[in-house]
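The structure appears below as structure tokens.
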Amino acid sequence: MRLLQYNNDGDFSLIEFFEDNIPEYAILSHKWGTEEVTFKDLTDGTSKVKAGYGKIHFCGEQARRDGLEYFWLDTCCIDKSSSAELSEAINSMFRWYKKAAKCYVYLSDVSTLKRKASDTFAECTWESAFRASKWFTRGWTLQELLAPRSVEFYSREGKSLGNKRTL
């Protein structure tokens, strides 16, 4: 299993761990978007220009705030060019989510920002956006919600919305 770790210069490094040596880590659950950062992007240094880099930064910062040195994202910690690695990752996913110290659900379609009264759209709270989030329509959602002990939901601004027990 490869995990990401913050470097002292604010960048990320991929570190490989074997089953009996895996440290505590946070894991990110999210809906894939355009320009997700891949394993190749991280290894060749082109990750920062991709739109998905913000999710990696969010996950790393939140893990750091929670006292965790390592974190994992499916988009960039798996080398999807290797069919053997991809197959092993798919078969290990439930276990990886179950063993995570924290699972952060990043909801890119939920905002906590208030709209101006002059907006022509009806006032919309984050709660209604949360209930309508596309995250709930993904095939992986159930296992990512049930497997981890701790599941915390965050808006696209990185604001905490609550956890799986309070929401």
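The values are calculated or read from the model by the stated rules, or taken from the named source; none is laboratory data. Note that the structure is predicted; figures quoted are calculated from it, not measured. Here the Cβ positions follow ideal geometry from the backbone for every residue, glycine too, while neighbour counts run over all protein chains shown. Ligands, DNA and RNA are excluded from the accessible area calculation, which covers all protein heavy atoms including side chains. Shrake-Rupley method; radii C 1.70, N 1.55, O 1.52, S 1.80 Å.
Of note:
- A single entry from G60, G45, G54 fulfils the requirement of being touching a Leu at 6+ places or on another chain (Cβ under 8 Å), closer than 20 Å to N8 by Cα and of a type outside the set (A, V, I, L, M, F, W, C): G60.
- Which listed residue, of Y25, Y53, is aromatic (F, W, Y) and touching a helix residue (DSSP H, G or I) at 6+ places or on another chain (Cβ under 7 Å): Y53
- Members of the range 102-125 found to be modelled with pLDDT of 90 or more and either more than 22 Å from E36 (Cα to Cα) or assigned to a loop (DSSP other than H, G, I, E, B) (or both), listed by number: L107, S108, D109, V110, S111, T112
- Tally, over the range 130-167, of residues that are open to solvent by 50 Å² or more (accessible area, probe 1.4 Å), assigned to a loop (DSSP other than H, G, I, E, B) and either among the aromatic types (F, W, Y) or within 14 Å of I27 (Cα to Cα) (or both): 2
- The set of residues in the range 71-81 being hydroxyl-bearing (S, T, Y) and open to solvent by 40 Å² or more (accessible area, probe 1.4 Å) consists of S81 alone.
- Only one entry in D66, D109, D74, D9 is among the acidic types (D, E) and more than 20 Å from S155 (Cα to Cα), namely D9.
- Within the range 40-49, one or more residues are in contact (Cβ under 8 Å) with a residue 24 or more places away in the chain and either of a type in the set (D, E, K, R) or not in a helix (DSSP H, G or I) (or both).
- Which numbered condition Q62 misses (of (1) in contact with an Asp or Glu (Cβ under 9 Å, 6 or more places away or on another chain); (2) loosely packed, with under 15 Cβ neighbours inside 10 Å; (3) polar (S, T, N, Q)): (2)
- For the range 91-117, the set of residues classified as open to solvent by 40 Å² or more (accessible area, probe 1.4 Å) and either of a type outside the set (A, V, I, L, M) or closer than 19 Å to L14 by Cα (or both) consists of N91, F94, R95, K98, K99, K102, S108, D109, T112, K114, R115, K116, listed by residue number.
- Cβ separations smaller than 6 Å between residues 6+ apart or across chains give the following pairs from the range 23-35 residues that are free of Cβ contacts under 8 Å to residues at least 60 places away in the same chain and more than 8 Å from A100 (Cβ to Cβ) to residues that are part of a loop (DSSP other than H, G, I, E, B) and open to solvent by less than 40 Å² (accessible area, probe 1.4 Å): E35/G52.
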